[in-house]
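Participant: A single structure is presented below for examination.
The values are calculated or read from the model by the stated rules, or taken from the named source; none is laboratory data. Computed from a prediction, not measured in an experiment: that's the story for all the values here. Here the Cβ is made from the backbone with ideal geometry for all residues, glycine too, and neighbour counts use every protein chain on show.
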Amino acid sequence: MSMPVSAAALLPARQTRTLLIKWTVALLVPLIVFTFIWSGEAIVNTTLLGIISPASSNYDTPTLIQLSLFILLFYAAAIAFAAYLIAVDTGRRGMLEVWLDVLIFAVIPLFLVMTLGLIIGLALSALIWGIYFYVRNLVRKMAHITPPPPLQNLAVLNAEQRAALKRRAVEGGFWFATVFAVLWLVVDLIFFFSGTLPVILLIWVALRTILLPVAGYFLGRLSGTIALRRALPAKGGKSGENGADGSDSTISKRELEVLSTTRAREEAKDLVPNDLPLRSAGAQRFFMVLLVVFLLFYPVLDPILFGSGTNGRLAGYGDAGFYVILALGLNIVVGFAGLLDLGYVAFFAIGAYVWGMVGSTQLNYVFNIPFNATLMSWLFWPFLIVAALIAALWGVLLGAPTLRLRGDYLAIVTLGFGEIVPVVFLEMDKYTNGANGIVGVQSPSFPGVIWSLITPIPYYYLILVLIGLTILANIRLRDSRLGRAWIAIREDEIAAASSGVNLVRTKLFAFASGAFFSGIAGMYHAAKLGGVSPDNFSFGDSVIYLAMVVIGGIGNIPGVIVGALVVYSINEFILAQLDTLAADPTNFMHTVLVAITHVFPAFTFGNIRNLVFGIILIVIMIFRPEGLIPSARRRRELRHGNDEEVEVGSLDVPPGTPAFESEVHVE
Amino acid sequence: MTLFVQELVVGLATGAIYALIALGYTMVYGIIELINFAHGDIFMMGTLFCISIMNLMGVTTTSHPTGWALISIMLVSCLGGMLGCAILGVVIERIAYRPLRNAPRLAPLISAIGVSLVLENVGLLWKGINYVSFPQIFPQVYYYIGPISITSVNILVIVISLILMVALQWMVSSTRIGRAMRAVAQDREAAALMGVNVDRIIAITFFIGAALAGAAGFIYGLQYGSTIFYIGFQLGLIAFTAAVLGGIGNLVGAMLGGVLIGVISALASLIPDSNNGGFGLPHGGAAWTEAIIFAILILILVFRPSGLLGQQTPEKV
């Protein structure tokens, strides 16, 4: 159901209503699934009961504060998001399409995660998404449906249209919140009459039904402002020709038309009004907010959402976290600078051993300094930087011999270092306690927090902070002169050198930066595990880190994070889970395992880890070398730009007309 | 002194095995400029193939065939192993490397790592996680030249390697296919223009290289008596060092490098244990062999990347 709506016109009430229906349904369904079918309602009710009668609640004050914050932020973000989408959408994409998308991308994953747990639920969802993309492309090709080019719909909004947009946002927020409030009221009344809702909460229900629409109104205004920030500017946002054309709107639009289709598509994603508002940059901001809210408050949400076993899950996520940091660090070396490093585990080991030797009684053996546990816990923080710097120094030292080498040799040499360093740690047992490893490594300290090997929550927050800082640092590095120099040497060293890039310095900096982050990860790992041993560091680990970067998307920061989580899940969770499932004789997997072990007696799901990774690597290299989430530049490189369509329109413009001149502008 | 010469002899035998594997590396690199990470694992599969073939023929670790039976068993298992590896090599090339022939350098390298992982795991699934014993069918006789002892197995290893190396050298220098291989290694497009079927030649190169690895697997099994799924990685890296030492792309260099590395690793075990006081390395040179070999690799690549017998080729724009 597509309407020939041009955003330049004021939307009459009928079309606003259609948009309202479309997005309200689209966003309400996942919200309802979360709140009523999953545990959203439980979160709200437990928080309130805790606030109203603290004596009878199991939760202490800090937890309650966190829960309330979560509820406020989550639902406010949801309503604001709805308002934003209603404001921004041009209505060109049909309702059913959007509803199908939301079903596949939000509702089904919610159900899967609810029933199967976070990791396996997400893994299955990813599989379903893959299938969905494939099927959708097939259907589109067969039915010859092509999505309309985004440029047709871009227009500059004058003041009247801007007001209309804002009004739409406010209306959207208000009505969405109202519908949601009414629905919630109905559900709560049903619960009340069936006796499961305490009377006390009835007051809250009434309050909420009034508050939500009001909140919706104000959040709608907020979203309207956010949406308008991304609209094409009325005057000269991009420099236009003077007086070449009367209307302002055509100038900026023509500038966009000069861009190639792929670039225009990328630019159009950001602008308002938008054909695909769910994919726009503004919507991504909302997704970020929701994600951050979930991550921040996850430890208190987990017991309510997933039941028992929180500590184990949090410990697992803490472990996944340092893989993310390692992947980000390796991304600098392999992704940005294009230096294939197969020995990355060496720097990780160095970071771990630094804390291992300083943060435990080994300090006594090696340096003859008496070991004071409490003091060392506090020194963890400055030592993070120290270990990272030491690792960076070794990055420079180990990178120096490789400066003149080309890709393959570089890989082998770094692989060699990745082998030598653990051997050194193993054999120099006067300092490193050799094969027995170092035990009793200290956890860090923070005022007011009990921190030890058995408390996963502080480690969880620590790794979140570290990951946040690492991402920030990576983004700044990538966008700096150094980052651009890295990309230059990745593409063509000789050209880069001729353009004035100091090859030696740039490469050494790449190694040093990569090693810096792995040093941090190493320290975290040593502290969390409480010990270091040379078996933790082997070439197999280096391959896993490389797999994270490659599978996720070389050179792309969000891609690498996703790759790290995917690889970690396969490595630690999925195969181990399959093993535990298969060990249970009542399970279907058991029969599968028995059947396979008839042919291959040595088969366990844990054993075939390398097989799985190897096949994934080969398949990805052949079919999708840019990784799961490619950076735009990479995708253009590796696909040789065969996604570019020829702009037929520009071929038949006669010279001498103003439109002809625009073709001469090079992007 | 006798210890030195003794180690030298042992090193020669080990080096012969390294040389055969190194030949595979250097041939593939010469022709498609790809370091075949999976080559070491092809060697490992070769050992497993030989064991399986011998088991099929009824030979176990306790049987001691003699005379014609011995010779025929050895021939069959050696050739069978070589054939199996050769086919494996061709299949790998077809599946994992050919689609990536024109891709940027990173792609086939990572694909090779993937193949290596797959092969390792296949070896694990096939023969289990423990050491698999190789039937020591060749009678172990000690010959003495003065105080130095050399076993018949060592001699056999050296002899087989020599035969294969000479055969390879003859093939490359005197036959049409050899000429075609040299042409493709020198300039792939020009060779295609001259009527050489490049795809077929590359497949043949993989075939021969893998066959040599299979032979190496056979004699490795005879010499050391057992195999396990992860030896491919270790030996592969050492053999690659040998190839680089001799000059990658150069056949004689690979042979020379292999022998040199074998000798060096044997001599490294002579380094005393510094934990016992005095000069040496902690836990003695034997524990550091790997590190020493990699150190050599790094030194060569830094100071003389073209290897001992290679030519310095400047990097073209």
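Participant: Residues A:339, A:384: which one is buried (at least 17 other Cβ atoms within 10 Å of the Cβ), within 26 Å of the chain's Cα centre (by Cα) and part of a helix (DSSP H, G or I)?
Facilitator: Result of the check over A:339, A:384: A:384.
Participant: Then there is this: For residue A:482, all conditions in the list (1) free of Cβ contacts under 8 Å to residues at least 60 places away in the same chain; (2) outside the structural domain of residue A:394 (by TED's automatic domain parsing); (3) of a type in the set (A, V, I, L, M); (4) closer than 30 Å to residue A:383 by Cβ hold save one; what is the number of the exception?
Facilitator: Every listed condition holds for residue A:482 apart from (2).
Participant: Is the stretch A:363-374 home to any residue that is part of a loop (DSSP other than H, G, I, E, B), on the phi < 0 side of the Ramachandran plot, in contact (Cβ under 8 Å) with a residue 60 or more places away in the chain and more than 14 Å from every other protein chain (Cβ to nearest Cβ)?
Facilitator: No, there is no match, as no residue in the stretch A:363-374 is part of a loop (DSSP other than H, G, I, E, B), on the phi < 0 side of the Ramachandran plot, in contact (Cβ under 8 Å) with a residue 60 or more places away in the chain and more than 14 Å from every other protein chain (Cβ to nearest Cβ).
Participant: Please go through the stretch A:591-611 and give me each residue that is facing chain B (nearest Cβ under 10 Å), in a helix (DSSP H, G or I) and out of contact with any Phe, Trp or Tyr (no Cβ under 9 Å at 6 or more places or on another chain), ordered by number.
Facilitator: Once the filter is applied, which keeps residues that are facing chain B (nearest Cβ under 10 Å), in a helix (DSSP H, G or I) and out of contact with any Phe, Trp or Tyr (no Cβ under 9 Å at 6 or more places or on another chain), the stretch A:591-611 yields A:599, A:609, A:610, A:611.
Participant: Restricting to the stretch B:88-117, and then to whatever is β-branched (Val, Ile, Thr) and surrounded by fewer than 23 Cβ atoms within 10 Å (Cβ to Cβ), can you tell me which residue is farthest from the other protein chains (Cβ to nearest Cβ)?
Facilitator: B:90
Participant: Go through B:153, B:196, B:184, B:166 for me and flag whichever is surrounded by 18 or more Cβ atoms within 10 Å (Cβ to Cβ) and closer than 20 Å to residue B:15 by Cα. Spell out how you get there, then give the answer.
Facilitator: Working: B:196 fails: closer than 20 Å to residue B:15 by Cα; B:184 fails: closer than 20 Å to residue B:15 by Cα; B:166 fails: surrounded by 18 or more Cβ atoms within 10 Å (Cβ to Cβ).
Result of the check over B:153, B:196, B:184, B:166: B:153.
Participant: Hey, another quick one. Looking at residue B:35 and the list (1) in a helix (DSSP H, G or I); (2) within 14 Å of chain A (Cβ to nearest Cβ), which single condition is not satisfied?
Facilitator: (1)
Participant: Would the stretch A:581-590 turn up any residue that is surrounded by 16 or more Cβ atoms within 10 Å (Cβ to Cβ), of a type outside the set (Asp, Glu), in a loop (DSSP other than H, G, I, E, B) and at negative phi?
Facilitator: No, because not a single residue in the stretch A:581-590 is surrounded by 16 or more Cβ atoms within 10 Å (Cβ to Cβ), of a type outside the set (Asp, Glu), in a loop (DSSP other than H, G, I, E, B) and at negative phi.
Participant: If residue A:463 meets every condition in (1) surrounded by 20 or more Cβ atoms within 10 Å (Cβ to Cβ); (2) within 14 Å of another protein chain (Cβ to nearest Cβ); (3) in contact (Cβ under 8 Å) with a residue 24 or more places away in the chain apart from one, which number is that one?
Facilitator: Condition (2) is where residue A:463 drops out.
Participant: Could you tell me whether residue A:135 is in contact with a helix residue (DSSP H, G or I) (Cβ under 7 Å, 6 or more places away or on another chain) and not hydroxyl-bearing (Ser, Thr, Tyr)?
Facilitator: Here the answer is no, as residue A:135 does not meet what is asked.
For (1) surrounded by fewer than 14 Cβ atoms within 10 Å (Cβ to Cβ); (2) among the hydrophobic types (A, V, I, L, M, F, W, C); (3) assigned by TED's automatic domain parsing to the domain that holds residue A:219; (4) modelled with pLDDT under 80, each residue gets a yes or a no:
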| residue | (1), (2), (3), (4) |
| --- | --- |
| A:113 | no, yes, no, no |
| A:123 | no, yes, no, yes |
| A:155 | no, yes, yes, yes |
| A:162 | no, no, yes, yes |
| A:166 | no, no, yes, no |
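Participant: Given the condition in contact (Cβ under 8 Å) with a residue 12 or more places away in the chain, more than 26 Å from residue B:37 (Cβ to Cβ) and either part of a loop (DSSP other than H, G, I, E, B) or more than 7 Å from chain B (Cβ to nearest Cβ) (or both), answer yes or no: does some residue in the stretch A:395-414 qualify?
Facilitator: Within the stretch A:395-414 (the criterion being in contact (Cβ under 8 Å) with a residue 12 or more places away in the chain, more than 26 Å from residue B:37 (Cβ to Cβ) and either part of a loop (DSSP other than H, G, I, E, B) or more than 7 Å from chain B (Cβ to nearest Cβ) (or both)), the answer is yes, since at least one residue qualifies.
Participant: Working only within the stretch A:520-556, note down all residues that are part of a helix (DSSP H, G or I), among the β-branched types (Val, Ile, Thr) and within 14 Å of another protein chain (Cβ to nearest Cβ).
Facilitator: Selection gives A:543, A:544, A:549, A:550, A:551.
Participant: Go through (1) under 30 Å from residue B:138 (Cβ atoms); (2) more than 8 Å from chain A (Cβ to nearest Cβ) and name the single condition residue B:127 misses.
Facilitator: It is condition (2) that residue B:127 fails.
Participant: Could you list all residues from the stretch A:406-432 that are of a type in the set (A, V, I, L, M, F, W, C) and at pLDDT 80 or above? Before the answer, list the steps.
Facilitator: Going through the stretch A:406-432, the residues of a type in the set (A, V, I, L, M, F, W, C) turn out to be A:410-413, A:415, A:417, A:420-421, A:423-426, A:428.
Listed by number, the residues that qualify are A:410, A:411, A:412, A:413, A:415, A:417, A:420, A:421, A:423, A:424, A:425, A:426.
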